[in-house]
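The values are calculated or read from the model by the stated rules, or taken from the named source; none is laboratory data. Quick caveat, the model's predicted, so the values are computed rather than measured. When we count neighbours, we look across all protein chains shown, and the Cβ atoms used for this are built from the backbone with ideal geometry, even at glycine.
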């Protein structure tokens, strides 16, 4: 997806700040530090000769400089305290191994963190959250009215907690007026690359991917997820895999039942008990969620998106899209374009 944040002047550091709080995902915290610290080296080794390193600075910020324990009980010492941060181009929030429903958002580190995040965003900073880190963005009041996502198993809890967000169930990554959200515990890689892409430019992001051997991520593979509130998670997970593997090939409920080793009658019963959907509705919803994410790419024709997600007839795709989302593909794309324009204006 495109990012619209203007590249900072080359004479300035690009300031990346990573939120460090108790219970954070250790791989997300350390991984973001490592990934972003590779930017300058990546440009020197793999970037075009005409590309100057953006001179990034990466710091972990905590309530104080005192050590805190990550989700595995390992101590980490922040580089700076919140009060020492006067400016940042981006704040990145990794996932957490803490139960978000048990967090007290009115006191302690979370209360201080969400005020800090809110104030930085108001000053022009981009805020990016991964997995349960999206909870911190919600506490800061930055999800209201914005397109947002999280991992499938937190979707319902966070949607209930922050009902005014425009939740994109199953989306891999969303961006809306300087707020970027991503799903899955390992999506810290996605928000790290998104921050580099937006702040340093696509050539720098490409150099980082090549240097870190991350490869070109096939985003459509990360866009589908189990149905919300599923009671039979194993069934839905396997069914999701079947739909993913099928890609744009025709897939009937009989073929889905066969792939899952079930009778058609049993398949209907278990879906009704687990999600309240029919198997056909499940197939359609997963493919529409993929289509909705693809519509965020402004140059991809609707007809091509319809074919990519399993519809040979564009008219049928448009009717199905409206049935699931309440919008036509054109209306959705127009809304996405408006969000990108707002984001662009916010950085001018």
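Key figures for this structure:
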read-out: Among residues of region 312-328, those that are more than 23 Å from residue 152 (Cα to Cα) and in contact (Cβ under 8 Å) with a residue 12 or more places away in the chain, counted; value: 3
read-out: Residue, modelled with the lowest pLDDT, within region 270-302, restricted to residues that are closer than 18 Å to residue 323 by Cβ and outside any helix (DSSP H, G or I); value: 275
read-out: Cross-chain or 6+ apart pairs with Cβ under 7 Å, region 282-295 first and assigned by TED's automatic domain parsing to the domain that holds residue 238, then at pLDDT 85 or above and in a loop (DSSP other than H, G, I, E, B); value: 283/251; 287/309; 287/310; 290/309; 291/309
read-out: Which listed residue, of 147, 161, is in contact with a strand residue (DSSP E or B) (Cβ under 8 Å, 6 or more places away or on another chain) and more than 25 Å from residue 58 (Cα to Cα); value: 147
read-out: Test: residue in region 202-210 that is modelled with pLDDT under 80, closer than 28 Å to residue 24 by Cβ and in contact with a helix residue (DSSP H, G or I) (Cβ under 6 Å, 6 or more places away or on another chain); value: no
read-out: Among (1) assigned to a loop (DSSP other than H, G, I, E, B); (2) closer than 29 Å to residue 152 by Cα - the single one residue 86 does not satisfy; value: (2)
read-out: Pairs, first loosely packed, with under 14 Cβ neighbours inside 10 Å in region 237-260, second in a helix (DSSP H, G or I) and at pLDDT 90 or above, C-beta under 8 Å, six or more apart; value: 254/264
read-out: Meets criteria (under 24 Å from residue 186 (Cα atoms) and crowded, with 18+ Cβ neighbours inside 10 Å) for residue 73; value: no
read-out: Condition broken by residue 110, with the remaining ones in (1) in contact (Cβ under 8 Å) with a residue 60 or more places away in the chain; (2) within 30 Å of residue 206 (Cβ to Cβ); (3) out of contact with any strand residue (DSSP E or B) (no Cβ under 9 Å at 6 or more places or on another chain) satisfied; value: (2)
read-out: Tally, over region 240-276, of residues that are under 16 Å from residue 311 (Cα atoms) and touching a helix residue (DSSP H, G or I) at 6+ places or on another chain (Cβ under 7 Å); value: 5
read-out: Breaking point among (1) within 14 Å of residue 14 (Cβ to Cβ); (2) crowded, with 17+ Cβ neighbours inside 10 Å; (3) out of contact with any strand residue (DSSP E or B) (no Cβ under 8 Å at 6 or more places or on another chain), for residue 88; value: (3)
